[in-house]
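Read the figures in this text as sums done on the coordinates, not as results from a lab. Given the structure is predicted, the values throughout are model-derived calculations rather than measurements. In this analysis, Cβ positions are derived from the backbone assuming ideal geometry, glycine residues included, and neighbour counts consider all displayed protein chains.
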Amino acid sequence: MNDFNGQVVLITGAASGIGLAIAHKLLTDGAQVGLLDFNESALQKTFGKYGPDALSVGVDVTDEARVNDAILKVHAQFGKIDALINCVGITGITNVHSHEVSSENLHKVFHVNFMGSFYTSKAVLPLMLARNYGRILHIASIAGKEGNAGMLAYSASKAAVIAMAKVQGKEYAERGITVNALAPAVIQTPLVDAMPDAQVKYMTDKIPMKRCGTLNEAANLAAYIISPQNSFTTGFTFDLSGGRATY
Ligand code: NAI
């Protein structure tokens, strides 16, 4: 498949899990890709084989100035940015009820999950507006639609990401730019491996298909959402939940 020939895509959180799977798919399908993650050595190790089509930049997405520099570097290398996919996300401390939540941890989760996605989208939007074309995908979570008990910081930060996609979708609707979110239920990645078993069981028990989603399923849907073919859907949160939250 060469659907993404000539397309330049920026992916955050590309060193692991869903971001890594999406990056492999898009590179295989012909895209040039800018990869942002604070785990720069993992990026180099994983994507070195793609040569100049993959530019790895080590950056913490909570550092706005460095995010801006990283995005300018990707833009300078490839000459444009057609699409941005925000995959960075952390759960923070889970399996705690709201009265036990650490305010400091809640701030940290919001900073990474919401502000990180805000900073990257703020930086790419002027580049997209200049060309009257762009695709932005924020990876949210089913937790942001449903609210997972024991995951206040994560659920609320992902609800904020969903709201950002709705706002940005409307703001740029007449400028050739679509902004959408994706709400996966449980996809088996290192993020899920790091969670307490009880918290993972709570989530998989609620999936009507009674299984985790696969990385391929996530990568295929993400690729469609940021493709030129997805031209009349914006501000929407795509479902990837095995039937759990189809609204
Ligand atoms: P992961 O933990 O496998 O990968 C996250 C990547 O983000 C890692 O490479 C990590 O180095 C990077 N990262 C973390 N904080 C960073 C920061 N401040 N700056 C730069 N890089 C940073 O996670 P996974 O499972 O692939 O999740 C990807 C996205 O999908 C996240 O936003 C997550 O919330 C969301 N999601 C995942 C689900 C799942 O079941 N795996 C379910 C629903 C949503």
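Kindly check whether there is at least one residue in region 145-152 that is in contact with a Ser or Thr (Cβ under 8 Å, 6 or more places away or on another chain) and at positive phi. Yes.
Of the residues making up region 82-113, those that are within 28 Å of Tyr224 (Cα to Cα) and either among the acidic types (Asp, Glu) or in contact with a His (Cβ under 6 Å, 6 or more places away or on another chain) (or both) are Asp82, Asn86.
The residues in region 178-209 that are over 17 Å from the mean Cα position of the chain (by Cα) and over 24 Å from Ala15 (Cβ atoms) can be counted, and the count is 10.
For (1) over 18 Å from the mean Cα position of the chain (by Cα); (2) crowded, with 18+ Cβ neighbours inside 10 Å; (3) assigned to a loop (DSSP other than H, G, I, E, B), each residue gets a yes or a no:
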residue: Ala76; (1), (2), (3): yes, no, no
residue: Ile81; (1), (2), (3): no, yes, yes
residue: Gly92; (1), (2), (3): no, yes, yes
residue: Thr120; (1), (2), (3): no, yes, no
residue: Pro126; (1), (2), (3): yes, no, no
residue: Arg131; (1), (2), (3): yes, no, yes
residue: Lys145; (1), (2), (3): no, yes, no
residue: Lys158; (1), (2), (3): no, yes, no
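Scanning region 36-45 for residues that are under 26 Å from Ala183 (Cα atoms) and more than 15 Å from the chain's Cα centre (by Cα), which turns out farthest from the ligand (Cβ to nearest atom)? Among them, the one singled out is Leu43. Considering only region 173-228, how many residues are buried (at least 21 other Cβ atoms within 10 Å of the Cβ), in a loop (DSSP other than H, G, I, E, B) and more than 8 Å from the ligand (Cβ to nearest atom)? Adding up the residues that qualify gives 1. If I filter region 162-170 for residues that are under 19 Å from the mean Cα position of the chain (by Cα), within 13 Å of the ligand (Cβ to nearest atom) and assigned to a loop (DSSP other than H, G, I, E, B), do I get at least one hit? No, every residue in region 162-170 fails to be under 19 Å from the mean Cα position of the chain (by Cα), within 13 Å of the ligand (Cβ to nearest atom) and assigned to a loop (DSSP other than H, G, I, E, B).
Checked against (1) farther than 24 Å from Ile187 by Cβ; (2) within 15 Å of the ligand (Cβ to nearest atom); (3) of a type in the set (Val, Ile, Thr), Val8 passes all but condition (2).
For region 59-67, the condition of being in contact (Cβ under 8 Å) with a residue 40 or more places away in the chain, within 14 Å of the ligand (Cβ to nearest atom) and in a helix (DSSP H, G or I) holds for at least one residue. Taken over region 97-115, the residue count meeting the criterion of being surrounded by 17 or more Cβ atoms within 10 Å (Cβ to Cβ) and not in a helix (DSSP H, G or I) is 1. The residues listed here are Ser121, Ser102; of these, the one that is of a type in the set (Gly, Ala, Ser) and in contact (Cβ under 8 Å) with a residue 24 or more places away in the chain is Ser121. Only one of the numbered conditions (1) surrounded by fewer than 18 Cβ atoms within 10 Å (Cβ to Cβ); (2) within 23 Å of Ala222 (Cβ to Cβ); (3) touching a residue at least 60 places away in the same chain (Cβ under 8 Å) is violated by Asp53, and that is (3).
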